[in-house]
Amino acid sequence: MKRVNIGICGLGTVGSGTFNVIRRNLDQINARAQCDIVISHIGARRDNPNCDTGDVKVSRDIFAVPADPEVHIVVELIGGTTVAKELVEAALRQGKHVVTANKALIAEFGNELFSLAAEHDVTLSYEAAVAGGIPIISALREGLSANKIEWLAGIINGTGNFILTEMRDKKREFDDVLAEAQALGYAEADPTFDVEGIDAAHKLVILASLAFGMPLQYDKVFCEGISRIKPVDVEYANQLGYRIKHLGVARHIEGKGIELRVHPTLIPESRLIANVDGVMNAVLVKGNAVGPTLFYGAGAGAEPTASAVVSDIVRVARNLAGKASSLAMVPSLGFSERALQDETILPITEAETAYYLRVSVEDKPGALSRIAQILSDAGISIEALIQKEPHEDEETVPLIMLTNRVVEKRINAAIESIEALDTVDGDVVRIRVESLK
Ligand code: HSE
C-alpha cells in the first residue's frame, strides 16, 4: 500500500489524543484509508507525558514540519490565530494538505485560507473545529446535501454546557465548575472564549456557512455568553419546565436574511436537546427534505476531538493515495466557491424569539398590572408567570414571566419602559426562549 506521511504540529490535549488514537487504531484506520498512514514528524515545543512518541522525529520548531519534504499532510493542533495561521499558510503554499481543529482560524480566516488551498490544489479540512467528535461538518457537507437547510441550533461549547449542567444539578458555583472544566482539558487556553460565547460563535459561523452556502462572516454574529446566568434563573427556568442552554442558532428567514446568534436560551425540558448535559454537544438541523435531525456526542476532550481530526486524515490520505483530483473532493464549505453567495445577516434587533423576563418589583398594589400594561401595549402577551411571596426583610419581590414570540426591538422598548417604572428595582433580566420546533 502507498505510504502517506503526516506531520502533527502541537502535542497538547488534541495533539496527544490524535497521536494515541492513530497508534491504537492504526490497522483499521489504514484499512479504511487504503494506504499506510505514518506519523513521520511531530512539531511541539515540549513533550507530552501522555504520548510515547518513540522514534518519531520531533522538532521544537513547528515550521520544520511543513518544510519537511517527506510530510504529505500537516495537522495543525496548536490553536490560536497568529502562529497557527502562519503555519497553515506555510503548509498550503508548500502544497501540503492541512487538517486542523482550529475553529477560530477557520471562522475568522477561512475564506482566505480556502482560496489559498485551492490555489495550491490542496485541501484544508476542519471536521474537529465544531462539536468535537460529532461528524457534523461532513453531515452538513455531504449527508444533508439534498436539503435546503431551514435552520440549525446547537449546544456547541462543551465547557459552557458542563458549567450550566453542574450549576443546575449540583448547585455548584460557576467559577468552581469552570476550574474543573479547565483541569479536564475542555476549556480554551483563554476560558473567556468559552464563557463569553466566542468559541460558540466561531463554530456557529462555520456551521451556518456550510448550511446556507455563504462565505464565513464571523464579524456579523451576535454573541452573548453564560457568565451572567444566575443560579436563581436556572431554578426559575426549572420551575417553568425549561432548561437553560447556551445555544448557537442560525435561521434562514425567507426574503429577509439569516439570523446568526449565540446566547443563553430557555428550551422546554421535553425537547431532546434540552437534556444534553455535561460536556456533550448536540446540533439540531432542519432540512426541507429530511425534516429535523439531531447530532449528539462529546464536544470536547482529547480523544473525541481526535476522532474528528483522524477522520479528516483518513479522507485526505485516501484521496492522496488514490490520486483523486481536487475536483473529486468535496469543496471546503460544501458548495463550489463560485456558488457561495453573500447573505444578509440580520441584526439581533430583528430576531424573533419568546422571552423569559425576571423583574424585581416593589411589593405594592398595582406593580404587576403596570408591567402587564406595558407588555400588552407593545402587543406582547404573558404566557406564564411566577410571583413569589416577599421575604420579611426584603422590599422587592421577583416577578418571572414568559412571553410569546416577539421581534427583539419590540421587547427592548418594552423592557426600557418597565425599567423606568418607579416600582421596579434594577435591570430586567431577560433570556431568550426557543421551542426549536
Ligand atoms: N473549549 C471548547 C469547548 C473545546 O468547551 O467546547 C472544543 O472545541
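The values are calculated or read from the model by the stated rules, or taken from the named source; none is laboratory data. All values reported here derive from a predicted model rather than from experimental measurement. Cβ placement follows ideal geometry from the backbone for every residue including glycine, while neighbour counts extend to all protein chains displayed. Surface accessibility is based on the protein's heavy atoms, side chains included, excluding ligands, DNA and RNA. Shrake-Rupley method; radii C 1.70, N 1.55, O 1.52, S 1.80 Å.
Scanning for something away from the ligand (no atom under 16 Å from the Cβ), touching a His at 6+ places or on another chain (Cβ under 9 Å) and either modelled with pLDDT of 95 or more or open to solvent by less than 10 Å² (accessible area, probe 1.4 Å) (or both), does region 294-304 turn up at least one residue?
Looking for residues that are away from the ligand (no atom under 16 Å from the Cβ), touching a His at 6+ places or on another chain (Cβ under 9 Å) and either modelled with pLDDT of 95 or more or open to solvent by less than 10 Å² (accessible area, probe 1.4 Å) (or both), one finds none in region 294-304, hence no.
Taking the options Val309, Val314, Val279, name whichever one is within 12 Å of the ligand (Cβ to nearest atom) and assigned by TED's automatic domain parsing to the domain that holds Val99. Explain how you work it out, then say what you get.
Numbers: Val314 fails: within 12 Å of the ligand (Cβ to nearest atom); Val279 fails: assigned by TED's automatic domain parsing to the domain that holds Val99.
From the options Val309, Val314, Val279, the qualifying one is Val309.
One line per residue, one yes/no per condition, for (1) assigned to a helix (DSSP H, G or I); (2) small (Gly, Ala, Ser); (3) touching a helix residue (DSSP H, G or I) at 6+ places or on another chain (Cβ under 9 Å):
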residue: Met1; (1), (2), (3): no, no, yes
residue: Asn5; (1), (2), (3): no, no, no
residue: Ser16; (1), (2), (3): yes, yes, yes
residue: Asp55; (1), (2), (3): no, no, no
residue: Pro66; (1), (2), (3): yes, no, yes
residue: Val75; (1), (2), (3): no, no, yes
residue: Ile78; (1), (2), (3): no, no, yes
residue: Thr81; (1), (2), (3): no, no, yes
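Considering only residues of region 113-138 that are of a type outside the set (Gly, Ala, Ser) and in a loop (DSSP other than H, G, I, E, B), which is farthest from the ligand (Cβ to nearest atom)?
Asp121
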Inset, instruction - Could you figure out which of (1) closer than 25 Å to Lys323 by Cα; (2) open to solvent by 10 Å² or more (accessible area, probe 1.4 Å) isn't true of Val98? - result: (2)
Legend entry - Lone unmet requirement of (1) surrounded by fewer than 24 Cβ atoms within 10 Å (Cβ to Cβ); (2) not in a helix (DSSP H, G or I) for Asn238: (2)
Inset, instruction - For region 389-411, state whether one or more residues are in contact with a Ser or Thr (Cβ under 9 Å, 6 or more places away or on another chain), in a strand (DSSP E or B), surrounded by 12 or more Cβ atoms within 10 Å (Cβ to Cβ) and of a type in the set (Lys, Arg). - result: no
Inset, instruction - Would you be able to tell me the number of residues in region 167-185 that are open to solvent by 50 Å² or more (accessible area, probe 1.4 Å), part of a loop (DSSP other than H, G, I, E, B) and within 13 Å of the ligand (Cβ to nearest atom)? - result: 1
